[in-house]
Amino acid sequence: RCKIHLEEERPLREMALTLEEEKLLRTYQFLTAKPLLYVLNIAESKIAQAAELEKSLAKFLTPKCAITSLSAEIEKEISELGEDDAQVFMQDLGITEPALNKLIRVSYELLGLISFFTVGEDECRSWTIRSNTKAPQAAGAIHSDLERGFIRAETVHYNDLLALGSMHACKEKGVLRLEGKEYVVKDGDILNIRFSA
């Protein structure tokens, strides 16, 4: 199937593949199987029209391709400013966040990835997994023993923890949940994995 597709001069990223087929193809490192992200470096004077420009070009995109834009000159200036000055500078230009944040978010979406967190008294850690991953497999991203012995996960979303200030407050407000083996982990979830050895 892949040979025929390539002989028709079409990239492999346009093929509908099962997860097993994707894993098999990954070992060959075909360039045309990789997702494509187009990053437009636009002039500072055109930054207000960035969304329109991206939208007008999006109609030319094929599956597993995305487009985003930034102004390298503006990003350079932001990186040289202190945090408060950078916020004022971005407000003056009508920018809500640095382009690096947007670039990371678009890249994660294109690759079908999300992040979840584990939080302890002395450490907070981020783990990257595929979208639509169930809790036991997410636990396996930390350690295979956690996946094998998975019982359930205490779960709260990052935004809820930030708003309420502590895990105890989240528990009192009822936003801390116990989720089982069928729970699909969401981007920004904080998990405390319960497992048996």
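Details
- Cα principal axis extents for the range 105-197, largest first, Å: 37, 34, 26
- The chain, relative contact order in percent, only Cα pairs under 8 angstrom and at least six apart counted: 16 percent
- Taking 0.36 nm per residue of separation and subtracting the Cα-Cα distance, full extension of the segment from Glu8 to Ser196 would add 62.5 nm.
- The range 42-147 - accessible surface per residue (Å², probe 1.4 Å): 63 Å²
- Convex hull volume of the Cα atoms of the range 83-137, normalised per residue: 111 Å³.
- The rule of thumb for compact globular proteins, 2.2 N^0.38 Å, goes into the C-alpha radius of gyration of the chain 1.29 times.
- Rounded to the nearest 0.05, the FRET efficiency derived from the C-beta distance between Leu36 and Glu73 at R0 = 35 Å is 0.90.
- Calculated from backbone phi, Karplus (6.51, -1.76, 1.60) coupling profile of the range 14-30 in Hz, x at Gly/Pro: 8, 7, 7, 10, 6, 4, 5, 5, 4, 4, 5, 5, 4, 5, 8, 6, 5
- Rolling a 1.4 angstrom probe over the chain with all protein chains present gives an accessible area of which 54% lies on carbon and sulfur atoms.
- The range 51-79 and the range 156-197 have Cα centres lying 34 Å from one another.
- Computed from the C-beta positions of Gln87 and Met167 and an R0 of 35 Å, the FRET efficiency is 0.75 to the nearest 0.05.
- Exposure rule at most 13 other beta-carbon atoms within 10 Å, DSSP loop chymotrypsin sites (Phe, Trp or Tyr not before Pro): the chain longest free segment: 61-197
- Pairs with C-alpha atoms separated by more than 31 Å, drawn from the list Lys64/Lys173; Lys23/Lys186; Lys34/Lys102, are Lys64/Lys173.
- DSSP beta bridges in the chain [antiparallel fraction, %, rounded to 5]: 70 percent
- Amide H to amide H distances under 5 Å link Asp189 with Phe117, Tyr158, where only residues 5 or more positions off or on other chains count and H is placed in the peptide plane.
- Derived from the Cα gyration tensor, the three semi-axes of the equivalent ellipsoid of the range 1-106 are 37, 15, 10 Å, largest first.
- Burial order of peptide ranges 8-16, 184-192, 140-148, 77-85 (average beta-carbon count within 10 Å, highest first): 184-192, 140-148, 8-16, 77-85
- Put simply, the range 1-46 fits an ellipsoid with semi-axes of 30, 13, 9 Å; these come from the alpha carbon gyration tensor as the roots of five times its eigenvalues, largest first.
- Note, ³J(HN,Hα) from phi for the range 71-83, Karplus 6.51, -1.76, 1.60, rounded to Hz, x at Gly and Pro: 10, 4, 5, 5, 4, 4, 5, 4, 5, 8, 9, x, 4
- Using Cβ point charges alone (K and R +1, D and E -1), the dipole size of the chain about the Cα centre works out to roughly 1120 debye.
The values are calculated or read from the model by the stated rules, or taken from the named source; none is laboratory data. Because the structure is predicted, anything quoted here is derived from the model rather than measured. Neighbour counts are summed over all protein chains in view; Cβ atoms, including those assigned to glycine, are modelled from backbone coordinates with ideal geometry. Accessible surface is based on the protein model in full, side chains and every heavy atom, while ligands, DNA and RNA are left aside. Shrake-Rupley method; radii C 1.70, N 1.55, O 1.52, S 1.80 Å.
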